[in-house]
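The structure under discussion is supplied below as structure tokens; questions concerning it will follow.
The values are calculated or read from the model by the stated rules, or taken from the named source; none is laboratory data. Here the structure is a predicted model, which means the values were calculated and not measured. A quick note on method: Cβ atoms are made from the backbone with ideal geometry, for glycine too, and the neighbour counts reach across all protein chains shown. Remember, those area values only see protein heavy atoms, side chains included, never the ligands or the DNA or RNA. Shrake-Rupley method; radii C 1.70, N 1.55, O 1.52, S 1.80 Å.
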Amino acid sequence: MLSGATSARKPKSRAGTEVRASIVARKRGNARGAKGRRKVDCVNDKDSENKSAAVPQLAKQAEDIHGRWPWAERSVWSERMLEALENGVRGGKWFSLIDKVWKEDNLSAAWLNTTRNGGSPGMDGQSIRQFSAHLDKELKTLRRQMMEDSYTPRPVRRCWIPKPGSKEKRPLGIPAVRDRIVQGAIRNVIEPIFEREFAEHSYGFRPGRGCKDALRRVNDLLGRGYTRVVDADLKSYFDTIPHDQLMERVKERISDGKLLALLEGYLKGGVMDGLKGWEPTEQGTPQGAVISPLLANLYLNALDHLMAARGYEMTRYADDFVVQCRSEAEANSAVEMIRQWAQENGLTLHPDKTRIVDATQKGGFDFLGYHFERGMKWPRQKSLDKFKDTLRHKTRRTQGQGLSMVIAGINPVIRGWFGYFKHSRRNALGGLDGWIRMRLRSILRKNRGGKGRGAGHDHYRWPNAYFEKLGLFSLERARDLASQSQ
């Protein structure tokens with residue numbers, strides 16, 4: 001059984017390890033809120049005391065295990081807990097974790113992450129700045145409420161954001177700042193438990209993984225002949241996850257009743273949607289909540305392992321995934337398997353957006369912002385549209401900024417976009433430089449009392465070299481430099 005850090009008793013075996021977890025007091029990080037006692041075998045052993053190499057060796061072992069889990073929150077995950085994580089616990093379940101959630105150091109770490117992520121106020125109207133004005137008091141109140149079982153998650157504030165390249169809008173749930181902090185503290189505690197079991201081909205919202213890793217896998221599989229692609233889409237995935245089945249997956253690894261009640265409280269807390277008022281949430285986990293990506297990954301983990309066990313080459317980033325096959329028959333079988341699994345687990349495979357594609361032919365498929373087709377890839381149309389919309393907003397002719405300030409504002413956007421799409425086919429980015437300069441010439445034209453877009457004689461009045469001297473980032477030049485360094 002486990003409640004956070006292991007006791008001094010050594011596990012019998014990997015399969016049948018029993019770990020009792022009282023948090024142990026340590027000089028760094030784990031002292032406050034400790035309970036239980038720490039057994040130290042060598043306290044009264046003079047021979048052991050004289051072996052000066054023991055402490056460095058223990059320290060090295062601790063650093064080694066933390067090196068394997070560099071992202072795990074150290075105020076929660078001591079070396080003993082990480083050892084238990086790697087060796088396995090009896091019954092596969094972890095107990096008494098709630099005291100790790102309300103630990104002062106963990107709440108402080110969750111607060112720091114909240115400030116880094118920023119975001120708007122939740123339904124209570126309290127901003128991050130307002131919370132920080134009384135930080136010590138607010139964190140102590142959160143801790144006391146959780147310890148007294150009086151903490152209740154508040155409904156999330158729903159707002160609607162546009163889908164790139166579409167007239168449709170997607171719901172975003174914004175939790176209160178206090179709830180974001182507690183969710184972050186919960187994630188610090190439970191993420192390693194589930195991360196240990198996530199599939200290798202899952203890349204979304206996971207420590208040390210990202211879009212580029214998923215894209216590399218897709219590229220590699222295409223190069224190896226896996227060109228029949230199941231381009232799958234789960235309809236409104238985040239909004240339709242069944243609560244009962246999701247909680248059953250959580251309970252497979254966690255048996256702390258108070259922690260489970262907190263998670264269920266977030267799921268069923270409801271939403272505040274403008275004039276509509278409060279609405280109950282019977283299913284789904286709101287996009288925008290800190291804990292949602294982890295829970296969403298957990299729910300699809302069974303599908304990940306099912307597909308891997310059947311030999312299918314799947315690449316998943318959150319609810320966006322493709323399955324790459326060598327034949328049409330194999331792709332059809334994969335679709336049927338995914339459809340059956342989705343039905344059994346309360347989800348729906350979108351009938352119009354799910355399709356089988358031959359990547360060697362014209363048409364191709366989109367994945368994580370790229371379009372793949374006939375051995376090449378380039379930014380998909382929605383990615384281009386979103387990029388241009390962002391730059392249009394920053395290069396308005398009436399914003400009243402000098403050109404140097406405008407360029408300073410758009411350079412990070414262009415540089416970041418290039419960093420992601422620099423592996424596109426050579427001619428995919430060429431026309432964008434000219435389009436950006438046209439936007440800037442239009443500003444200069446407006447400043448001189450002219451109207452319309454920068455064109456014609458403006459190219460001579462403000463040649464490309466003019467913008468180069470002002471430091472405008474060039475996609476073409478950056479692509480040439482990247483090609484030379486390869």
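Okay, residues lined up against (1) touching a helix residue (DSSP H, G or I) at 6+ places or on another chain (Cβ under 8 Å); (2) open to solvent by less than 50 Å² (accessible area, probe 1.4 Å); (3) at pLDDT 95 or above:
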site	(1), (2), (3)
Pro242	no, yes, yes
Ser255	no, yes, yes
Gln287	yes, no, no
Val322	yes, yes, yes
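State which residue is farthest from Cys211 (Cα to Cα) when the search covers only the range 360-384 and only residues that are among the charged types (D, E, K, R) and modelled with pLDDT of 95 or more.
Filtering the range 360-384 for residues that are among the charged types (D, E, K, R) and modelled with pLDDT of 95 or more, the one farthest from Cys211 (Cα to Cα) comes out as Lys362.
Same structure again: Take the residues in the range 261-280 that are among the hydrophobic types (A, V, I, L, M, F, W, C) and assigned to a strand (DSSP E or B); name whichever of them is modelled with the lowest pLDDT.
Among residues in the range 261-280 that are among the hydrophobic types (A, V, I, L, M, F, W, C) and assigned to a strand (DSSP E or B), the one modelled with the lowest pLDDT is Trp278.
Oh, and also: Looking only at the range 434-456, how many residues end up being in contact with a Ser or Thr (Cβ under 8 Å, 6 or more places away or on another chain), without any contact (Cβ under 8 Å) to a residue 40 or more places away in the chain and surrounded by fewer than 20 Cβ atoms within 10 Å (Cβ to Cβ)?
2
A further question on this structure: Please go through (1) open to solvent by less than 50 Å² (accessible area, probe 1.4 Å); (2) more than 34 Å from the chain's Cα centre (by Cα) for His459 and return the number of the only condition it doesn't satisfy.
Here His459 meets the rest and fails (1).
Given the residues Ala308, Ala302, Ala342, which is the only one that is open to solvent by less than 30 Å² (accessible area, probe 1.4 Å) and within 30 Å of Pro207 (Cα to Cα)?
Ala342
Among the listed residues Val413, Val335, Val406, which satisfies the condition of being open to solvent by less than 60 Å² (accessible area, probe 1.4 Å), under 27 Å from Asp239 (Cβ atoms) and of a type in the set (Val, Ile, Thr)?
Step by step, each of Val413, Val335, Val406 is checked, and only Val335 is open to solvent by less than 60 Å² (accessible area, probe 1.4 Å), under 27 Å from Asp239 (Cβ atoms) and of a type in the set (Val, Ile, Thr).
Search the range 355-366 for residues being outside any strand (DSSP E or B) and open to solvent by less than 20 Å² (accessible area, probe 1.4 Å), and hand back the single one that is nearest to Val218 (Cα to Cα).
Ala359
When you go through Arg154, Arg129, Arg143, Arg158 one by one, which is the residue that is among the charged types (D, E, K, R), out of contact with any Ser or Thr (no Cβ under 6 Å at 6 or more places or on another chain) and in a loop (DSSP other than H, G, I, E, B)?
Just a single option satisfies the conditions, and that option is Arg154.
Enumerate the pairs (first residue in the range 389-401 and open to solvent by less than 100 Å² (accessible area, probe 1.4 Å); second residue anywhere and in a loop (DSSP other than H, G, I, E, B)) with beta-carbon separation below 7 Å, excluding pairs fewer than 6 apart on the same chain, so at least 6 apart or on different chains.
Going by the 7 Å Cβ cut-off, there are no qualifying pairs.
Within the range 423-478, track down each residue that is farther than 30 Å from Val218 by Cβ and among the acidic types (Asp, Glu).
Correct list: Asp458, Glu468.
Taking the range 76-93, which residues are open to solvent by 10 Å² or more (accessible area, probe 1.4 Å) and over 19 Å from Arg206 (Cβ atoms)?
Across the range 76-93, the qualifying residues are Glu79, Arg80, Glu83, Asn87, Gly88, Val89, Arg90, Gly91, Gly92, Lys93.
Another one. Give me the residue from the range 109-145 that is of a type in the set (Ser, Thr, Tyr) and open to solvent by 50 Å² or more (accessible area, probe 1.4 Å) and, out of that set, modelled with the lowest pLDDT.
Checking each candidate, the answer is Ser120.
Of all residues in the range 174-206, which are over 15 Å from the mean Cα position of the chain (by Cα), small (Gly, Ala, Ser) and closer than 18 Å to Glu73 by Cβ?
Ala185
Assess whether Met247 counts as being within 30 Å of Asp366 (Cα to Cα) and open to solvent by less than 20 Å² (accessible area, probe 1.4 Å).
no
Something else now. Which residues, taken from the range 289-331, are free of Cβ contacts under 8 Å to residues at least 24 places away in the same chain and in a helix (DSSP H, G or I)?
Once the filter is applied, which keeps residues that are free of Cβ contacts under 8 Å to residues at least 24 places away in the same chain and in a helix (DSSP H, G or I), the range 289-331 yields Ala309, Ala329.
Each row is one residue, and each column tells you yes or no for (1) in contact with a His (Cβ under 8 Å, 6 or more places away or on another chain); (2) touching a residue at least 40 places away in the same chain (Cβ under 8 Å); (3) open to solvent by 40 Å² or more (accessible area, probe 1.4 Å); (4) in a helix (DSSP H, G or I).
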residue: Arg178; (1), (2), (3), (4): no, yes, no, yes
residue: Gln183; (1), (2), (3), (4): no, yes, no, yes
residue: Ile193; (1), (2), (3), (4): no, yes, no, yes
residue: Pro207; (1), (2), (3), (4): no, yes, no, no
residue: Lys212; (1), (2), (3), (4): no, yes, yes, yes
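Which is farther than 17 Å from Gln399 by Cα and of a type in the set (Gly, Ala, Ser), of Gly430, Gly449?
Step by step, each of Gly430, Gly449 is checked, and only Gly430 is farther than 17 Å from Gln399 by Cα and of a type in the set (Gly, Ala, Ser).
Quick one: would you say Ser150 is open to solvent by 50 Å² or more (accessible area, probe 1.4 Å), farther than 28 Å from Arg206 by Cα and at pLDDT below 95?
Spelling it out, it is not the case that Ser150 is open to solvent by 50 Å² or more (accessible area, probe 1.4 Å), farther than 28 Å from Arg206 by Cα and at pLDDT below 95.
Additional query: Which residues, counting only those in the range 214-232, are among the basic types (Lys, Arg), within 23 Å of the chain's Cα centre (by Cα) and assigned to a strand (DSSP E or B)?
none
Separate question: Pull up the range 249-288, narrow it to residues that are among the aliphatic types (A, V, I, L, M) and touching a residue at least 40 places away in the same chain (Cβ under 8 Å), then point me to the one that is farthest from Gly92 (Cα to Cα).
The residue in question is Met272.
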